1. Just one of the numbered conditions (1) loosely packed, with under 13 Cβ neighbours inside 10 Å; (2) over 46 Å from the mean Cα position of the chain (by Cα); (3) not β-branched (V, I, T) is not true of A:A171; which one?
2. Restricting to segment A:530-567, what's the tally of residues that are within 11 Å of RNA strand B (Cβ to nearest atom), more than 18 Å from the chain's Cα centre (by Cα) and not small (G, A, S)?
3. If a residue has to be within 11 Å of RNA strand B (Cβ to nearest atom) and either without any contact (Cβ under 8 Å) to a residue 40 or more places away in the chain or not basic (K, R) (or both) to count, how many in segment A:404-423 make the cut?
4. Select from segment A:247-267 the residues that are more than 13 Å from RNA strand B (Cβ to nearest atom) and in contact (Cβ under 8 Å) with a residue 24 or more places away in the chain and list them in ascending order.
5. Please specify each residue of segment A:220-241 satisfying the condition of being outside any helix (DSSP H, G or I), surrounded by 18 or more Cβ atoms within 10 Å (Cβ to Cβ) and within 12 Å of RNA strand B (Cβ to nearest atom).
6. Can you pull out every residue in segment A:328-351 that is in contact with a helix residue (DSSP H, G or I) (Cβ under 6 Å, 6 or more places away or on another chain) and either aromatic (F, W, Y) or buried (at least 17 other Cβ atoms within 10 Å of the Cβ) (or both)?
7. I need a count of the residues in segment A:299-354 that are of a type in the set (D, E) and more than 8 Å from RNA strand B (Cβ to nearest atom).
Amino acid sequence: MSEADKGSTESAVEAPRDFIREIIQSDLDAGRVDGLVTRFPPEPNGYLHIGHAKSLCLNFGVAEEFGGRCHLRFDDTNPVKEETLYIDAIKKDVSWLGFDWGDHLYFASDNFEQLYAWAVDLLENGKAYVDDLNAEEMREYRGTLTKPGRNSPHRDRSVEENLDLFARMRAGEFANGEKVVRAKIDMAAGNINLRDPAIYRILHETHPRTGDAWCIYPTYDFAHGQTDAIEGITHSLCTLEFEDHRPLYDWFVANLPVKTAPHQYEFSRLSLSHTVLSKRNLKQLVDDGKVSGWDDPRMPTLSGFRRRGYPASAIRTFARQLGFTKSGDSVVEMANLDFFVREALNKTALRRMAVLNPLKVTIENWPEGQVDWMDAVNNPEDEGAGKRKVPFTRELYIERDDFMEDAPKKFFRLSVGREVRFKYGFFVTCTEAIKDDKGEVIELKCTYDPETRSGTNPPDGRKVKGTIHWVSAVHAIKGDVRLYDPLFNRPDPGADGDFQDDINPDSLTINTAALLEPSLADASVGEAIQFERLGYFCADPDHSPNAPVFNRTIGLRDSWAKAQKKG
RNA sequence: UGGGGCGUGGCCAAGUGGUUAAGGCGCUGGUUUUUGGUAUCGGUAUUCGGAGGUUCGAAUCCUCCCGCCCCAGCCA
């Protein structure tokens with residue numbers, strides 16, 4: 001992360017207190033653990049999104065606060081869904097968010113041999129068995145939510161037979177689905193996870209890390225807790241839907257010769273309004289071409305946010321102030337995230353001038369060919385950011401929205417006969433609006449007051465109600481500006497059917513007419529820049545000095561537009 | 001007629017028997033301002049899902065009721 005990104009925004013948010021931190025504190029105080037070790041365990045089957053950021057901030061956050069450590073562990077037990085490209089993308093995103101796992105990078109697959117041995121251990125102790133039931137039969141034997149299940153006919157196979165079968169499973173003698181090994185727990189348990197859960201299945205599939213070494217793979221339930229134990233994880237933090245799995249997690253820890261006894265705690269996952277946050281839905285958007293990729297700036301993925309220009313610090317601050325609770329069905333409003341994005345950007349973004357919808361202005365009393373280089377501050381929130389020069393000339397462009405023909409009293413911008421300040425320039429009065437045949441205003445004739453040069457006020461003491469931005473016609477460069485609106489046009493996409501039916505068709509607008517202050521050609525990708533009065537932008541990876549491309553990260557708060565909307 | 005959770009303002013969320021029921025977002029007024037931005041000041045729950053009960057005192061303890069979420073993958 002950059003120096004600027006390490007700013008003080010986070011320290012401004014008080015150290016949070018939540019039930020997880022309380023548990024950790026009390027475990028430490030009581031000496032139940034020697035130190036804190038957490039882990040962030042993504043499955044490499046998609047990109048990380050803002051929901052993962054919450055978990056990342058919790059796991060790495062508490063580790064840092066309590067002087068412990070946090071491991072990055074890939075939960076790669078299902079080769080049919082997992083890919084190396086996701087492993088790389090996840091590592092990049094975790095680093096970008098600002099977390100460092102040091103030497104503690106692990107893969108569940110590193111433990112396949114040990115997990116196999118533990119499955120054998122269970123088989124030897126009569127606590128597991130090889131079953132021949134197929135998936136459909138197993139479902140039928142499992143019972144329902146209200147009715148207990150029945151024992152499989154193979155539940156009481158001999159230890160010898162089980163061991164032989166399991167060895168042959170490993171050796172590849174059986175096809176996918178032909179055999180499965182199950183923990184022998186209780187088919188009548190109210191908790192369905194305890195009705196003899198599958199712990200090993202046959203998957204003739206190449207694994208991203210172990211290749212073809214295995215054709216049987218442990219399930220999540222059989223891998224997660226044991227992997228936690230191997231790594232010495234003390235507090236295994238996960239989301240609420242795993243609450244029902246905790247008895248199973250504990251069962252394996254209790255019934256296997258693991259060296260440590262980690263504990264699982266659950267917190268509520270993040271839901272955000274106006275977007276979807278499940279890998280399945282996000283992958284569908286990518287696969288169906290509804291977005292340009294996982295890093296499309298409209299995506300709630302970390303890579304999407306990064307490309308969009310959201311500072312990592314804003315995401316961290318956002319996560320931090322949310323808190324960690326067990327309230328299951330909470331949906332955080334997108335406006336909450338927006339606030340932290342603007343807050344971070346306001347402090348760090350360089351200010352530049354750019355006109356998105358240009359309207360020509362000719363300053364008739366300005367000498368032809370004269371260029372005055374005016375002082376402009378780079379960031380009013382940060383004196384250290386310095387100043388730059390911007391060229392003021394006879395022919396300028398302003399924003400179309402900054403001119404109105406029949407302007408109401410409350411309109412503080414330009415209109416025929418009205419005077420405004422051109423930021424860092426002069427007071428300018430509009431004398432005439434030139435129209436084309438269709439009656440559309442195509443140019444403004446104006447005059448300026450030489451006694452109002454930026455930094456000075458007119459001797460007669462008159463004031464101006466508005467200040468607008470502008471660019472010099474001869475100096476400006478052209479560029480594409482991509483404007484984003486929410487990907488979905490309702491806060492709860494999919495609430496009444498297919499979430500794709502709620503896609504906002506106008507979520508991306510590409511503006512090719514924008515005129516930019518010349519220095520913008522040299523913007524570096526991702527660098528935060530405010531286009532004065534318009535919003536925060538950053539150069540897209542597609543950007544080049546000859547063909548500038550900017551993304552609008554987020555607009556400025558706009559109370560004028562809001563008042564307009566209300567009528 | 002199963003098991004596991006959760007219910008505090010529009011949203012998130014403190015609160016752990018005695019507080020005028022924190023705080024943030026949003027919304028809404030004012031002030032400042034060469035960004036209608038920022039900053040700043042004020043307003044925004046007589047009440048904690050509901051009903052009873054215990055207590056001098058309850059969002060906090062007890063009882064019953066109501067509502068919402070998760071679980072029947074050889075996904076994680």
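The values are calculated or read from the model by the stated rules, or taken from the named source; none is laboratory data. Small disclaimer: the values here were computed from a predicted structure and weren't measured. Cβ coordinates were reconstructed from backbone atoms using ideal geometry, including for glycine residues, and neighbour counts include every protein chain displayed.
1. Of (1) loosely packed, with under 13 Cβ neighbours inside 10 Å; (2) over 46 Å from the mean Cα position of the chain (by Cα); (3) not β-branched (V, I, T), only one is false for A:A171: (2).
2. The qualifying residues number 13.
3. Counting residues in segment A:404-423 that are within 11 Å of RNA strand B (Cβ to nearest atom) and either without any contact (Cβ under 8 Å) to a residue 40 or more places away in the chain or not basic (K, R) (or both) gives 11.
4. Keep residues of segment A:247-267 that are more than 13 Å from RNA strand B (Cβ to nearest atom), which gives A:251-263.
A:W251, A:F252, A:V253, A:N255, A:L256, A:P257, A:V258, A:K259, A:T260, A:A261, A:P262, A:H263, listed by residue number.
5. A:C238
6. Across segment A:328-351, the qualifying residues are A:L337, A:F340, A:V341, A:A344, A:T348.
7. Narrowing segment A:299-354 to residues of a type in the set (D, E): A:329, A:333, A:338, A:343.
Keeping just the survivors that are more than 8 Å from RNA strand B (Cβ to nearest atom) gives none.
Residues meeting the conditions: 0.
Yes or no, residue by residue, for (1) more than 16 Å from RNA strand B (Cβ to nearest atom); (2) out of contact with any Gly (no Cβ under 7 Å at 6 or more places or on another chain):
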position: A:G46; (1), (2): no, yes
position: A:N59; (1), (2): no, yes
position: A:A63; (1), (2): yes, yes
position: A:D75; (1), (2): no, yes
position: A:N78; (1), (2): no, yes
position: A:Y86; (1), (2): no, no
position: A:H104; (1), (2): yes, yes
position: A:W118; (1), (2): no, yes
